[in-house]
């Protein structure tokens with residue numbers, strides 16, 4: 001886990017981290033916009049078939065060609081993003097990129113009760129909002145977009161119809177948000193980067209390692225389930241899609257509810273297996 005900096009020591013210190021407020025920014029420098037334009041051209045050539053399909057698509061940045069990752073690094077490591085994050089944090093806080101979780105996202109507004117419906121309905125991205133000594137800030141970097149869709153950041157009372165070169169920062173676990181719009185294949189394709197940053201308090205190295213492990217586990221499990229069940233066709237995909245949307249709704253009520261339901265289901269399954277084995 002590399003470190004991209006700590007916050008200004010002149011700020012007051014804190015013993016816990018409050019919710020990071022949704023923040024809007026934009027890349028104005030010609031060099032940055034040139035990077036974005038090059039990335040869009042590459043995506044349109046590499047993912048032409050996926051751009052023509054309805055379901056959304058995610059690709060981990062780490063799986064892309066090294067030359068493309070280098071271009072993306074110029075955006076996700078930009079001082080513009082880092083400074084907007086740092087200004088909301090207590091003194092001595094550490095901001096560490098979670099690059100293993102960063103994604104390229106082709107966003108197609110899709111509500112068919114599959115795993116990717118939760119990308120547009122009301123949702124929290126994560127369910128670890130009970131952690132107070134660490135937060136995850138997510139940057140939504142719009143490589144290409146028009147203003148036909150509006151993102152609502154409910155907890156921060158911020159709304160934004162993002163266009164090309166703009167980005168939004170939000171609290172991964174604590175910002176209830178959703179997308180308002182309607183699918184139109186004639187609209188400009190929404191091509192985004194989803195980049196994540198783990199923030200911990202001064203002296204929180206151990207807490208940071210635990211938080212990194214917990215966030216990584218939640219991220220990969222949820223992402224795998226969503227990808228498996230988007231635009232479901234088989235009974236298994238329908239079932240997983242149902243659970244994804246059920247867990248999303250329960251998470252809005254309380255983050256412990258999806259964990260409790262999952263634990264209860266596993267316990268019931270283990271009990272049923274043990275009961276069956278006892279008759280062998």
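Rule-based calculations on the coordinates, nothing more; no lab input. Every value quoted in this text rests on a predicted model; they were computed, and no experiment measured them. Glycine gets a Cβ as well: all are built from the backbone with ideal geometry, and neighbour counts include every protein chain shown.
Side notes on the structure shown:
- Among 136, 158, the ranking by other beta carbons within 10 Å of each residue's beta carbon, starting with the fewest, stands as 158, 136.
- One equal scatterer on each Cα of the chain, no solvent, Debye formula: the resulting log10 I(q)/I(0) at q = 0.08, 0.10, 0.11, 0.16 Å⁻¹ is -0.35, -0.55, -0.66, -1.35.
- When each of 206, 216 is scored by the number of other beta-carbon atoms lying within 10 Å, the sequence from fewest to most is 206, 216.
- For segment 174-213: rounded, prolate or oblate by the Cα gyration tensor [a/c cutoff 1.5]: prolate
- The convex hull built on the alpha-carbon positions of segment 141-194 has an orientation-averaged projected area of 3.6 nm².
- Gap separating the Cα centres of segment 239-262 and segment 115-170, nearest whole Å: 19 Å
- Direction-averaged projected area, Cα convex hull, segment 123-266: 10.1 nm², rounded to one decimal.
- Here the label points at residue 159 and residue 69, each 7 Å from Cα along the C-beta direction, are separated by 4.0 nm in the simple model.
- Added length on full extension, which subtracts the Cα-Cα distance from 0.36 nm per residue, residue 48 to residue 239: 65.8 nm
- Treating each Cα of segment 217-268 as an identical point scatterer and summing with the Debye formula, the log10 of I(q)/I(0) at q = 0.26 Å⁻¹ comes to -1.09.
- Label positions at residue 132 and residue 214, each projected 7 Å from the Cα along the C-beta direction, are separated by 1.3 nm.
- Cβ-based exposure ranking for 58, 173, in which fewest neighbours within 10 Å come first: 58, 173
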